[in-house]
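The values are calculated or read from the model by the stated rules, or taken from the named source; none is laboratory data. Just so it is clear, the model here is predicted, and its values are computed rather than measured. For neighbour counting, all protein chains shown are included, and Cβ atoms are generated from backbone atoms with ideal geometry for every residue, glycine included.
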């Protein structure tokens, strides 16, 4: 299929990568898996065997008028151990490579259909001027956008870092959550070719 650059020229791309039928269930599964993998999962509590204390019986078994107690690390005591103590866990969900690539193809294809994908020959700046990038984004009618370039140049990065809801990434760092989360996606031709190399093998 052919996609149109912002300048009006046509560029040929693979149908498998940019003209795929949208599979909502697959995209949902991949997005959930990606976000789950980013969870820290470092929550930890101490069980009765891990808290400080225990060992000696607090008081004798009978004759005190108080309830029986065998250890001060009991969960019913203040500063005692937790009954079902939470431990560090991995929230990652398994998604094989083919499913991930197919989901990315579905997302890119939907971006094309919704006219949210803007293709440029290049995006370079001689100086790291934020106002120049803001003016360029206004010209593209994309004040909030994910910018994908072959390599993140220093001037472009410095110009974009203070603009809210604008992010610059390389093709290798593109993920489904970012593609869905931005109203527009701006990609240069060299970056598009790199993405196509990866997606065409899905």
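Determine if the range 18-41 includes at least one residue that is touching a residue at least 24 places away in the same chain (Cβ under 8 Å), touching a strand residue (DSSP E or B) at 6+ places or on another chain (Cβ under 9 Å) and either closer than 30 Å to residue 183 by Cβ or not assigned by TED's automatic domain parsing to the domain that holds residue 139 (or both). It would help to see each step written out before you state the result.
Just the residues of the range 18-41 that are touching a residue at least 24 places away in the same chain (Cβ under 8 Å), to begin with: 18-23, 26-27, 29-37, 39, 41.
After this cut, where a residue has to be touching a strand residue (DSSP E or B) at 6+ places or on another chain (Cβ under 9 Å) as well, the list is 18.
Narrowing further to those that are either closer than 30 Å to residue 183 by Cβ or not assigned by TED's automatic domain parsing to the domain that holds residue 139 (or both): 18.
Yes - at least one qualifying residue is present in the range 18-41.
Of the residues in the range 69-76, none is surrounded by 11 or more Cβ atoms within 10 Å (Cβ to Cβ) and either part of a helix (DSSP H, G or I) or at pLDDT 95 or above (or both). Within the range 42-68, restricting attention to residues that are exposed (fewer than 13 other Cβ atoms within 10 Å of the Cβ) and in contact (Cβ under 8 Å) with a residue 40 or more places away in the chain, the residue that is farthest from residue 91 (Cα to Cα) is 44.
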